[in-house]
Amino acid sequence: MSIYVDLTKAMISEDELVNIYPQIVTAEEALSERSGAGKDFLGWYDYPDTYDKEEFEAVMEASKRIRSTCEAFIVIGIGGSYLGSKAVIDALNSFFANEKDLKGPKIYFAGQNISGKYLNDLFELVKDKDVMINVISKSGTTTEPAIAFRVFKNLIESKYGKEESQKRIFVTTDKEKGALKKLSEEEGYQTFVISNDVGGRYSVHTSVGLLPIAVAGHDIKDFMKGAKDQMDEINGDRSMTNPCYRYAAVRNILNRKGKDMEIMVNYEPEMQMFAEWWKQLYGESEGKDGKGIFPVSVNNSTDLHSLGQIIQEGKRNIFETVIVFDQHQNDMVIPYDEADLDGLNYISGKGMNYVNKMAFQGTLLAHVEGNVPNVVINVNELSAYSLGRLVYFFERACGISGYMLGVNPFDQPGVESYKKNMFALLGKRGYEDLAEMLKKNL
Ligand code: PA5
């Protein structure tokens, strides 16, 4: 099994696992029988089997064309429409990919914020380059990506004209509805579909994630194979060795004991965005009805020098979930130095991955000593295949964990509140009364 959830340092007992098992069975049944809250948004559940093979081939074709044509590929989206692809690309790319001579285009993200500086800087960087874009929005109406799309659509049209722009703009959106779908039909853009039954944060294995990941040069067949193998393994093991059950169980056991904050810990900085994706997945899925475990993340050893203190000795409402990779592709051996003025010769000849592992083990023991339960998720290696597994693992565990918590893990009603207020304050038609009220409160 390539994902193993180690609970030896999680400060829970075997009895607690045994006692919570019936709740896991109930939650899993609600998922597999599609009988729980949010049951219309379970398209991701068996997606590694049921995905549209023709669309997958179209994604492969488009990615080849994009890779051989443009210098800059701009992925426009926010939340579930960008975090997954950014997570996988960052995890697999060289840290300095955009500074290297690549075989394909440099990848940039836009529409994930409302920063004028960000968009202006990106615009200036790519305006004289050969540009293609993929705008991703399920609703097709989200403000942040809509603004970025308008800016880059204008750029592409002014550089290449309307006809050529059709070949440079790729749209991933709903099959039938939304402003983006309508616009794509009118302008003749190639479109990819976000199924009705897959929410944004569960969409990494759909065209939402696949096209950007493929354009970045990563093997999306391996990525899908990882998801499929993970799904088959989970489906074939209904006992407490099932990694999803273990993860969902430990989260709920700890939460019921007052641990209401979960820290995802990485020792590989390329996994920083993966933690951002995970934060959205769990925060948006479970944080409702006055419930939820607040998901935060740290990147060690960097953050041991900033947040290490509060984790070690602060309020004891936290637990950590550490992702550990067993194998690493690249390493740097620490050189021997005759003078040894820095006193580092005791680790000369060792690889930095070894030092990193000792940092992890030392921190684990210290934090457990400081009464912070640690869940350790062991993964074989960092590859497209294992990330495909890891994404599916977290999605499936999230569905189970959310049902155990007693919430609908597939809606996000709270996300709408700020949007309504923003529209009102910006003067959007239809929001006049709300605008009046808000202005009195500002
Ligand atoms: O998970 C979700 O549903 C959200 O994070 C959405 O992905 C995000 O709000 C972007 O929405 P859309 O894809 O409709 O632009």
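Observations on the structure shown:
- Length available on full extension from K257 to Q166: 0.36 nm per residue minus the Cα-Cα distance, which gives 27.2 nm.
- Sites I334 and E369 - FRET efficiency at Förster radius 35 Å, r taken between beta-carbons, to 0.05: 0.80
- Residue order by solvent-accessible surface for V324, V5 is V324, V5, largest first, with ligands and nucleic acids left out and a 1.4 Å probe.
- Alpha-carbon centroid distance for the pair segment 319-382 / segment 281-308, whole angstrom: 22 Å
- Separation in nanometres of the label points that stand 7 Å from Cα toward Cβ, at Q312 and S348: 2.9 nm
- The chain: calculated mean residue ellipticity at 222 nm from DSSP helix runs of at least 4, using -39500 (n - 2.57): -15500 deg cm²/dmol
- Rounded FRET efficiency, nearest 0.05, which uses the C-beta distance separating E416 from E436 and R0 of 30 Å: 0.95
- For the chain, built as a Gaussian network whose Cα springs stay under 10 Å, the top-fluctuating residue of G343, G111, G199: G343
- Taking a ≥ b ≥ c as the square roots of the eigenvalues of the Cα gyration tensor, segment 189-339 is oblate, since a/c reaches 1.5 or more and a/b is not larger than b/c.
- Across G188, G370, G430, mean-square fluctuation computed from a Gaussian network of the chain (C-alpha pairs under 10 Å connected) peaks at G430.
- Where GluC sites (Glu not before Pro) fall in DSSP loop in segment 312-369, at most 12 other Cβ within 10 Å: E338
- Solvent-accessible area of Y160 with every protein chain in place, 1.4 Å probe, in Å² to the nearest 10: 60 Å²
- Placing pseudo-labels 7 Å out from each Cα toward the beta carbon at K182 and R238 gives an inter-label distance of 4.8 nm.
- Pairwise FRET efficiency - E14 versus D326, Cβ, R0 = 22 Å, nearest 0.05: 0.30
- Placing +1 on the Cβ of every Lys and Arg and -1 on the Cβ of every Asp and Glu, with nothing else charged, gives segment 122-223 a dipole about its Cα centre of roughly 140 debye.
- 0 to 90° range, to nearest 10: angle between helix 53-69 axis and the chain longest Cα axis: 80 degrees
- Kirkwood hydrodynamic radius over Cα pairs of the chain, then Stokes diffusion coefficient at 25 °C and 0.890 mPa s, in µm²/s: 105 µm²/s
- The slack in the chain from M358 to D40, taken as 0.36 nm per residue of separation less the alpha-carbon distance, amounts to 109.9 nm.
The values are calculated or read from the model by the stated rules, or taken from the named source; none is laboratory data. These numbers come from a predicted model, not from an experiment. Cβ: placed from backbone, ideal geometry, glycine included. Neighbour counts: every protein chain shown. These accessible areas exclude ligands, DNA and RNA; they are computed on the full protein's heavy atoms, side chains included. Shrake-Rupley method; radii C 1.70, N 1.55, O 1.52, S 1.80 Å.
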